[in-house]
Amino acid sequence: MDVEKALIVEQISANHLRHRSRSPLRWGYERILALVIFVNVAWVVFDLTYVRWRDVYIRYVPGLTQLYDPVKGIEPHRVTQSYLNTVDALQNQLGNGAPLDSPAIQSLLQNLRDRSVETIDDNPFQLANRLGAFERAKNRLRDRTGLESSKAAFRQFWTTEHLDEEGWEDSLEFFNRQIRPQFERNFYRNIDESGQFVEGFWRIDRWFLLLFSFEFLLRTWFMSRRLHPVSWRDAVLWRWYDILLLLPFWRWLRLIPLSIRWSDAGLVNVSPIRLQLVRGVSAYLAAEMTELIVVRVIDRAQTTIRNGTLAERLLAEPQREFINVNGVDTVTAIAEQAIELSIYKVLPRLQPEIEALLAHVLSGTYANSTIYRGLRRLPGMTHIPQQLTQQLSHQLASSLYDAAIAAFEDDEGRQLYNTLVAQLRTSLRRELSTGQTLKPLQTLLVDLLEEVKLNYVQQFEQEDVEQLLLEVSKLKASKE
């Protein structure tokens, strides 16, 4: 969608929203649909966190796990469930008055000792990621028996001597209170043919997807019919965030259309959150794009210098087909501006330094003169040569400056200046065309650009981009 169409859609959509605010039926529809999306997103969050929080649901809402375990392909683990069934059989036998030394009780105790060792070796808690629960059970049983080995602790716990000494009622009560919950919360999760855990959430989610798809098609079709000249494709792009509701994967992205729909329905104000999100993304993109552009431009300039392209363009003779902006020779104009600036602005400020330099040169010249040395030997003539030197250097500097201005303002002098500039360009081009002069300059330019790149990138990383965006926001607010 081009910029013009986007602006048209935005303006017409804003008018449509204002009209919608006066339609109770439309307003109610938007709120109901926003609540349906909220239910779906809440269900998505519940499904994504169900396995991790299953222990909490078992403790406080056990009926919920019985309903939702089949959706996640969860069922009781056969090993740990069989272990608990054996403990229940032992407790029933003892509760019915069977003595500890009876053959039935001895058989159950032997079975529990064997199953304890197999459970520790096979570790059926690993698939359900319940290793921590199994470790808690083993630690509590070691503390109960006073043994260091978990296998020895389980074997000792399920002996006639231990149950008789500790009392089988107290021992089984300890097991049911401390050990059984860890075994009960263990589970087995079915795996499909692709090697992934069985997921039945799609059977529930498909009805939401059908509803969202129908609503999306209907809404975009309505927009393409009512918001001329927007096509259906442009309407789809305009409602891009609703496409996230139709994805069967990455379902957590539905939080984005949920926030937008709730904001449009007036259920919640997400403008500060949206502004902060946009500001954060803008800050990141600004930093990345600016750094990328600067480094790319400098790298391109370095490549141009290394392969000699820049030197060829600068040293080549002017060609007729070369395009000048506004019909002006830019290089000549820059040279004229530099000369004019030097004559009228720079030279007056440098006159004291020029006079000092001329005085130094004249003093050195006079010092080698026989007449100058003779004058200094005469009485009262010691400072006369120095004064003459200062006056002469001042007159020379003033004369040179006046002559430069007069020559520059004269037509013939201006022509001589132009000839000088042209000859300077030709001589400079000739000297730079030699490899001995050009290669060191190219190396220095490449190194200079590399230093600029490193220093700029380091400086830009130290800048607070968010602070800059905040200042921009303040400037916009002050203009409004």
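The values are calculated or read from the model by the stated rules, or taken from the named source; none is laboratory data. Remember, predicted model here, so these are calculated numbers, not experimental data. Note: ideal-geometry Cβ built from the backbone for every residue, glycine included; neighbour counts use all protein chains shown. When the accessible area is computed, the model is the full protein with side chains, heavy atoms only, and any ligands, DNA or RNA have been set aside. Shrake-Rupley method; radii C 1.70, N 1.55, O 1.52, S 1.80 Å.
Cβ-Cβ contacts under 8 Å between residues 6 or more apart (or on different chains), taken from a first residue in the stretch 297-308 that is under 11 Å from L449 (Cα atoms) to a second residue that is in a helix (DSSP H, G or I) and not aliphatic (A, V, I, L, M), are listed as I298/E450; I298/K453; D299/K453; Q302/E450; I305/Q442.
Restricting attention to the stretch 104-143 and to residues that are hydrophobic (A, V, I, L, M, F, W, C), under 45 Å from the mean Cα position of the chain (by Cα) and surrounded by 14 or more Cβ atoms within 10 Å (Cβ to Cβ), the residue that is nearest to T159 (Cα to Cα) turns out to be A137.
The condition (being within 30 Å of L245 (Cα to Cα), without any contact (Cβ under 8 Å) to a residue 60 or more places away in the chain and in a helix (DSSP H, G or I)) is satisfied by just one residue among L209, L141: L209. Within the stretch 40-61, the set of residues being open to solvent by less than 70 Å² (accessible area, probe 1.4 Å) and either in a helix (DSSP H, G or I) or touching a strand residue (DSSP E or B) at 6+ places or on another chain (Cβ under 6 Å) (or both) comprises N40, V41, A42, V44, F46, D47, T49, R54, D55, Y57, I58. On the stretch given as the stretch 400-428, residues that are modelled with pLDDT of 70 or more, over 14 Å from E340 (Cα atoms) and open to solvent by less than 70 Å² (accessible area, probe 1.4 Å) total 3. If you go through the stretch 182-191 and pick out every residue that is open to solvent by 30 Å² or more (accessible area, probe 1.4 Å) and either of a type in the set (A, V, I, L, M) or not in a loop (DSSP other than H, G, I, E, B) (or both), you end up with 3. Pairs only if they're at least six apart or on different chains, beta carbon under 7 angstrom, first in the stretch 78-103 and within 17 Å of F154 (Cβ to Cβ), second in a loop (DSSP other than H, G, I, E, B); list them, first residue then second. Going by the 7 Å Cβ cut-off, the qualifying pairs are V79/P124; T80/P124; T80/N186.
Let's see how each residue does on (1) modelled with pLDDT of 90 or more; (2) open to solvent by less than 80 Å² (accessible area, probe 1.4 Å):
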{"site": "T145", "(1), (2)": "no, yes"}
{"site": "S150", "(1), (2)": "yes, yes"}
{"site": "R155", "(1), (2)": "yes, no"}
{"site": "E161", "(1), (2)": "yes, no"}
{"site": "E173", "(1), (2)": "yes, no"}
{"site": "E193", "(1), (2)": "no, no"}
{"site": "F197", "(1), (2)": "no, no"}
{"site": "G200", "(1), (2)": "no, yes"}
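Among the residues of the stretch 223-259, those that are open to solvent by 40 Å² or more (accessible area, probe 1.4 Å) and β-branched (V, I, T) comprise I243, I256.
Looking only at residues in the stretch 84-100 that are out of contact with any helix residue (DSSP H, G or I) (no Cβ under 8 Å at 6 or more places or on another chain) and in a helix (DSSP H, G or I), which one is most open to solvent (accessible area, probe 1.4 Å)? Can you show your working first?
Going through the stretch 84-100, the residues out of contact with any helix residue (DSSP H, G or I) (no Cβ under 8 Å at 6 or more places or on another chain) turn out to be 85, 88, 92, 95-97.
So of that shortlist, the ones also in a helix (DSSP H, G or I) come out as 85, 88, 92, 95.
Numbers: N85: 81, D88: 53, N92: 97, G95: 57 Å².
Among those residues, the one meeting the criterion is N92.
In a residue-by-residue description of the stretch 216-224, the property of being closer than 20 Å to F38 by Cβ and touching a residue at least 40 places away in the same chain (Cβ under 8 Å) applies to no position.
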